[in-house]
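Only one structure is covered here, and it is reproduced in the block below.
The values are calculated or read from the model by the stated rules, or taken from the named source; none is laboratory data. The model shown is predicted, which means the values in this text are computed figures rather than measured ones. Glycine also receives a Cβ, built like all others from the backbone with ideal geometry; neighbour counts cover every protein chain displayed. With ligands, DNA and RNA removed, areas are computed over all heavy atoms of the protein, side chains included. Shrake-Rupley method; radii C 1.70, N 1.55, O 1.52, S 1.80 Å.
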Amino acid sequence: MSEVLHLSGPVLTGDGRTVPECWVIAGRLTLERPAWAEQARTVPGWVVPGLVDVHCHIGLGPQGEVDHDEALAQARADRDAGTLLVRDAGSPMDNRWVQQRPELPVLIRAGHHLARPKRYLRHYGLELDDVADLPEEVARQARYGDGWVKIVADWIDRSDGADSDLGPLWPDDILREAIAAAHDNGARVTAHTFAHETVGPLLDAGIDGFEHGTGMDADQIAECARRGVPVTPTLLQIGQFAAIADQAQSKYPVYAERMRGMHA
């Protein structure tokens, strides 16, 4: 029998309740007193729930992949803020080594961002020259990650000059094939999306999550709630929209107006 820990509270359960004690049996926490409770090792103090960071990029910096020491500092910063579980939302680094470090948060990896050339931040994602390659690469990333795949669903298309705006990266039929490929390999798909018009095709394709989702309208939000599709709003990005619009105004006024509208 593995060691049983008796945690003598107060124990904050996270639902507004406080209970006087709990136990840890085989790595799982329970509020039910086990039959062999007298054999448990008691640890007194306060017991509080750990936080979950559901959108994190351990191993990613402003210029793309960072070195090991910087990635370690990122993981420690999350841990020191109280985070015990991290859902990676895409990283150019093979950050599986984090999972071998028991002092760091538990890491659930999504592998590499999947994007297209010149349709995402440089050095961030795995860029596919041919949109038809997306289903095969999604299947590969599903096997490489820990149950999630991250795709970049929309980004500015600068090829239209002054009329450039946010636009989808992938045809609707390719999206459906790609998400089906992930599901066939036991993974779910989450998508970076800002644009309103990208959300509907993603829902139709069976998407499992949204990162940002800033352009969603009330009906789309309600549909996500009805389906139980999680949305991570990432307020840090929204806070930067006005500055992005100012920077883009002279060359891409349509895009700048879109970013200001979403910021508002």
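Among all positions in region 68-79, there is at least one residue which is modelled with pLDDT of 95 or more, touching a strand residue (DSSP E or B) at 6+ places or on another chain (Cβ under 6 Å) and closer than 30 Å to V152 by Cβ. Scanning region 74-85 turns up at least one residue that is closer than 30 Å to L126 by Cα and among the hydroxyl-bearing types (S, T, Y). Screening region 147-264 for strands (runs of 3 or more DSSP E) wholly inside it with 1 or more residues that are surrounded by fewer than 20 Cβ atoms within 10 Å (Cβ to Cβ) returns the ranges 166-168, 188-193. In summary, D78 fulfils each of the numbered conditions (1) over 19 Å from T190 (Cα atoms); (2) open to solvent by 30 Å² or more (accessible area, probe 1.4 Å); (3) among the charged types (D, E, K, R) with the single exception of condition (2). Scan region 143-180 for residues that are in contact with a Leu (Cβ under 7 Å, 6 or more places away or on another chain) and among the small types (G, A, S) and the total you get is 2. Only residues that are surrounded by 17 or more Cβ atoms within 10 Å (Cβ to Cβ), in contact with a Ser or Thr (Cβ under 6 Å, 6 or more places away or on another chain) and either hydrophobic (A, V, I, L, M, F, W, C) or not in a strand (DSSP E or B) (or both) were counted across region 1-34, and they come to 1. For region 68-97, enumerate the residues that are farther than 30 Å from V11 by Cα and either touching a residue at least 60 places away in the same chain (Cβ under 8 Å) or of a type in the set (K, R) (or both). Answer for region 68-97, where residues must be farther than 30 Å from V11 by Cα and either touching a residue at least 60 places away in the same chain (Cβ under 8 Å) or of a type in the set (K, R) (or both): A89, G90, R96.
Considering T198, T193, which residue is touching a Gly at 6+ places or on another chain (Cβ under 7 Å), under 14 Å from A153 (Cα atoms) and in contact (Cβ under 8 Å) with a residue 40 or more places away in the chain? I'd like the intermediate steps shown before the answer.
Details: T198 fails: touching a Gly at 6+ places or on another chain (Cβ under 7 Å).
None of the other options fit; the residue is T193.
Taking the condition of being in contact (Cβ under 8 Å) with a residue 12 or more places away in the chain, within 26 Å of E127 (Cα to Cα) and over 18 Å from the mean Cα position of the chain (by Cα), how many residues in region 40-67 meet it? Residues flagged as in contact (Cβ under 8 Å) with a residue 12 or more places away in the chain, within 26 Å of E127 (Cα to Cα) and over 18 Å from the mean Cα position of the chain (by Cα) within region 40-67 amount to 2. The set of residues in region 95-146 being within 16 Å of L85 (Cα to Cα) and open to solvent by 60 Å² or more (accessible area, probe 1.4 Å) consists of R96, Q99, Q100, R101, P102, E103, V106, D146. Contact map, region 247-259: first residue acidic (D, E), second residue open to solvent by 70 Å² or more (accessible area, probe 1.4 Å), Cβ cut-off under 7 Å, separation 6 or more or different chains; the map is empty.
Can you name the residue in region 35-49 that is open to solvent by less than 40 Å² (accessible area, probe 1.4 Å) and over 11 Å from V4 (Cβ atoms) and is also modelled with the highest pLDDT among such residues? Steps first, answer last, please.
If we filter region 35-49 for residues that are open to solvent by less than 40 Å² (accessible area, probe 1.4 Å), which is where we start, we get 37, 40, 45, 47.
Still in the list and also over 11 Å from V4 (Cβ atoms): 45, 47.
On the way: G45: 81, V47: 75.
Restricting to residues being open to solvent by less than 40 Å² (accessible area, probe 1.4 Å) and over 11 Å from V4 (Cβ atoms), the top hit is G45.
So, D129, is that one touching a strand residue (DSSP E or B) at 6+ places or on another chain (Cβ under 7 Å) and free of Cβ contacts under 8 Å to residues at least 40 places away in the same chain or not? Taking the combined requirement at face value, the residue does not satisfy it.
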